[in-house]
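Here is the structure we will look at, set down as structure tokens.
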Amino acid sequence: MYCNQCGSEVAAGITMCPKCGRMVPGAWTGHPGRSLASHLSLLVIFWYVIGALRVIPVIIMVLLAGATGAALRGQERMAQIFGPAVFIVIAVLIGIFALLAFLTAWGLQTRQPWGRTMALVVGVINLLSIPFGTALGIYTLVVLLPEEADREYQKMASAA
């Protein structure tokens, strides 16, 4: 194998060129010590868990909307509508992210052809959800982003 940067010979299994220090494409699998299938099993579990954790605030927001509506009875009409609506909008937004997490988990679990792409997109979005979403987003990207993972996942998806 040869380095794409400087052209010097690089031994098999080496991840960096000893001459220029550039990463050698295809040398790092992205998931050392484990197969992609075992990482996918973990990802599926983590995506289901984060989806379930996001359902909790949805339930809380719906309950708060009901309590706000009850507390604002007898107030002017605009307050009766706007108060609960704020909590409902927040619940819907969080619910969308919970649904995306469940859909991602299901896509990876059933080895859907679009599952890897969806996991990568939702993983990037999850980077903003500190701390658990960030950790899951990073793990998803590390496992599924390498080209080798794409080839392996496509084989698994076509076999499923």
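Data table
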item: Helices (runs of 4 or more DSSP H) contained in the stretch 45-160 and holding at least 1 residues more than 16 Å from the chain's Cα centre (by Cα) and buried (at least 17 other Cβ atoms within 10 Å of the Cβ); result: 77-109, 147-159
item: Scope the stretch 16-38; condition modelled with pLDDT under 70 and of a type outside the set (G, A, S); matching residues; result: M23, V24, P25, W28, T29, H31, P32
item: Residue, nearest to I59 (Cα to Cα), within the stretch 82-105, restricted to residues that are without any contact (Cβ under 8 Å) to a residue 24 or more places away in the chain and hydrophobic (A, V, I, L, M, F, W, C); result: V92
item: Residue match in the stretch 67-81 (condition: aliphatic (A, V, I, L, M) and in contact (Cβ under 8 Å) with a residue 40 or more places away in the chain); result: no
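The values are calculated or read from the model by the stated rules, or taken from the named source; none is laboratory data. Note that the structure is predicted; figures quoted are calculated from it, not measured. No Cβ is skipped: glycine too gets one built from the backbone with ideal geometry, and neighbour counts run over all protein chains shown.
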